[in-house]
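A quick write-up on the structure given underneath.
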Protein chains: 2
Amino acid sequence: MTIPALRDVPGVAAQAPAETTGFVFNHTMLRVKDATASLDFYTRVLGYQLIDKRDFAEAQFSLYFLAYVPAGATVPEDDNTRRLWMAGLPGVLELTHNHGTENQDGAVYHDGNSDPRGFGHICVSVPDIEAACQRFEALGVTFQKRLTDGRMKNLAFIKDPDGYWVEIISNA
Amino acid sequence: MTIPALRDVPGVAAQAPAETTGFVFNHTMLRVKDATASLDFYTRVLGYQLIDKRDFAEAQFSLYFLAYVPAGATVPEDDNTRRLWMAGLPGVLELTHNHGTENQDGAVYHDGNSDPRGFGHICVSVPDIEAACQRFEALGVTFQKRLTDGRMKNLAFIKDPDGYWVEIISNA
């Protein structure tokens, strides 16, 4: 669809309000059962970097913030500088771990793709989707949809340790 | 937490695998009941730009891709060029509209914050959080948590038309 046509889609504002200048879609938050398993998946399998961790001992939860550091950027060492830097970064993944859920039997959280539905997935784009999917296979990652499944041969879905769907598309 | 300490968190990979170079956390997908209402909210209230729309007439759904266009960037006019450009962009919001849900009574989708829980929220960071929240009030946006509510005075939560929580934090 052309850009002028996109502007005419019902509901779309004629232009972004000046008051929203500098707004950034910073992060998406998912609850996870087992922080160790999720950090392993998002850092070792998907290559995210852990940028911050915040513990709330009294309320018994911890927050983990992961991101792909943009090429050429350096993660600030200083905590406060890093938090401010991270707040301006698009594409951060926040994982919430409620302490103790890792000891529960079975799945703790709902992936949103069966009733009641809502959230669908996150998506990671990759330079070489064939190589990426072969590597996921080799690493024993669970697939929801392989490249060869169904009619859409240019995308795959893998599952994170909680069963959340991660779409894989090409960015090259 | 210092960067060396973050590297020692259980589960965290020693370094991002070379095979994940060029991976981008591209988007988050949420299902929405009424595309017009959601596009109004995300473009007029939050200032996102509609970058792409894809219609699947046979399967009776449409996809809407929204993003904050980075400063200095220009959205490519050509469809294919724009899609490739968008695939490399972090911080895209994909809204899925299953045709006809807008005619159903009441809420259609689950926000993830009551049982069964899972997805928690998305977050938009803003340069002036006081001004942003005053503007949301003036626009009649529903708040889940105002800046003045609770102990955390530096963040707010508003709700989108489906009730999904949108955290508002400062990036300045």
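So here's what we get for this one:
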read-out	value
For residue A:80, inter-copy label distances in nm, listed shortest first [label point 7 Å out on the Cα-Cβ vector]	5.2
Amide H contacts of residue B:68 (H built 1.01 Å from N, under 5 Å, at least 5 apart or other chain)	A:25, B:49
Cross-link pairs A:159/B:153; A:53/B:145; A:53/A:153; B:53/B:153; B:53/B:159; A:33/A:145 - those with Cα-Cα distance over 27 Å	A:159/B:153; A:53/A:153; B:53/B:153
Accessible surface, chain A, averaged per residue in Å² (probe 1.4 Å)	44 Å²
Using a Förster distance of 25 Å, the FRET efficiency for residue A:170-residue A:9 (Cβ separation, nearest 0.05)	0.45
For the range B:96-147, alpha-carbon Rg and Dmax in angstrom	14.8, 38
Inter-part distance where the range B:74-116 and the range A:1-50 are each reduced to a Cα centre, Å	10 Å
DSSP loop GluC sites (Glu not before Pro) with at most 14 other Cβ within 10 Å: longest gap in chain A	A:78-172
At 7 Å out from Cα toward Cβ: residue A:60 inter-copy label distances (nm, ascending)	4.5
Linear extension gain, residue B:117 paired with residue B:58, 0.36 nm per residue minus alpha-carbon span	18.1 nm
Relative pair counts by distance (%), Cα atoms of the range B:69-110, 5 Å bins	5, 16, 19, 17, 9, 11, 15, 8, 1
Principal semi-axes in Å for the range B:1-156 [√(5λ), Cα gyration tensor, largest first]	28, 25, 19
Full-stretch length increase - residue A:146, residue A:74 - with 0.36 nm per residue and alpha-carbon distance subtracted	22.5 nm
Cα-only Debye scattering, the protein assembly as shown: base-10 log of I(q)/I(0) at q = 0.06, 0.08, 0.09 Å⁻¹	-0.20, -0.36, -0.46
Table column - 3J(HN,Hα) (Hz), the range A:142-149, Karplus curve with 6.51, -1.76, 1.60, x for Gly and Pro	7, 9, 8, 8, 7, 3, 7, 7
Whole-Hz couplings from phi, Karplus 6.51/-1.76/1.60, listed for the range A:120-131; x for Gly and Pro	x, 6, 9, 9, 10, 9, 9, x, 9, 5, 5, 5
Relative contact order computed over the range A:61-172 (Cα-Cα under 8 Å; 6+ residues apart), in percent	24 percent
Pairwise burial B:A, computed as accessible area of each alone minus the pair, summed, 1.4 Å, Å²	6400 Å²
J(HN,Hα) series, the range A:92-107, from Karplus relation 6.51 cos²θ - 1.76 cosθ + 1.60, nearest Hz, glycine and proline x	9, 10, 9, 10, 9, 10, 7, 4, x, 4, 5, 8, 7, 6, x, 5
Residue-count net charge about residue B:79 - beta-carbon cut-off 14 Å; Lys, Arg +1, Asp, Glu -1	0
Shielded by partner chains, the range B:1-40 residues - at least 50 Å² of accessible area, 1.4 Å probe, vs chain alone	B:1, B:3, B:6, B:11, B:23, B:25, B:27, B:29, B:31
Heavy-atom accessible surface of chain B: percent carbon and sulfur, 1.4 Å	50 percent
Within-10-Å neighbourhood charge of residue B:158 [Cβ basis; K, R +1; D, E -1]	0
Projected area, mean over directions - the range A:84-172, Cα convex hull, nm²	8.3 nm²
Calculated label separations, residue B:7, copies of the chain, 7 Å along the beta-carbon direction, nm	4.9
Calculated [θ] (222 nm, deg cm²/dmol) that DSSP helices of n ≥ 4 give over chain B, each run adding -39,500 (n - 2.57)	-4500 deg cm²/dmol
Translational diffusion coefficient (Stokes-Einstein; Kirkwood radius from C-alpha pairs) of the range A:1-67 at 4 °C, 1.567 mPa s, in µm²/s	83 µm²/s
Residue B:155 long-range amide H proximity, modeled H, under 5 Å	none
Placed amide H near residue A:170: partners under 5 Å, 5+ positions off or other chain	A:126
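The values are calculated or read from the model by the stated rules, or taken from the named source; none is laboratory data. Just so we're clear, the structure is a prediction, and the values are computed from it rather than from any experiment. So basically every Cβ, Gly included, is an ideal-geometry build from the backbone, and we count neighbours across all protein chains shown. Only protein heavy atoms, including side chains, enter the accessible area calculation; ligands, DNA and RNA are left aside. Shrake-Rupley method; radii C 1.70, N 1.55, O 1.52, S 1.80 Å.
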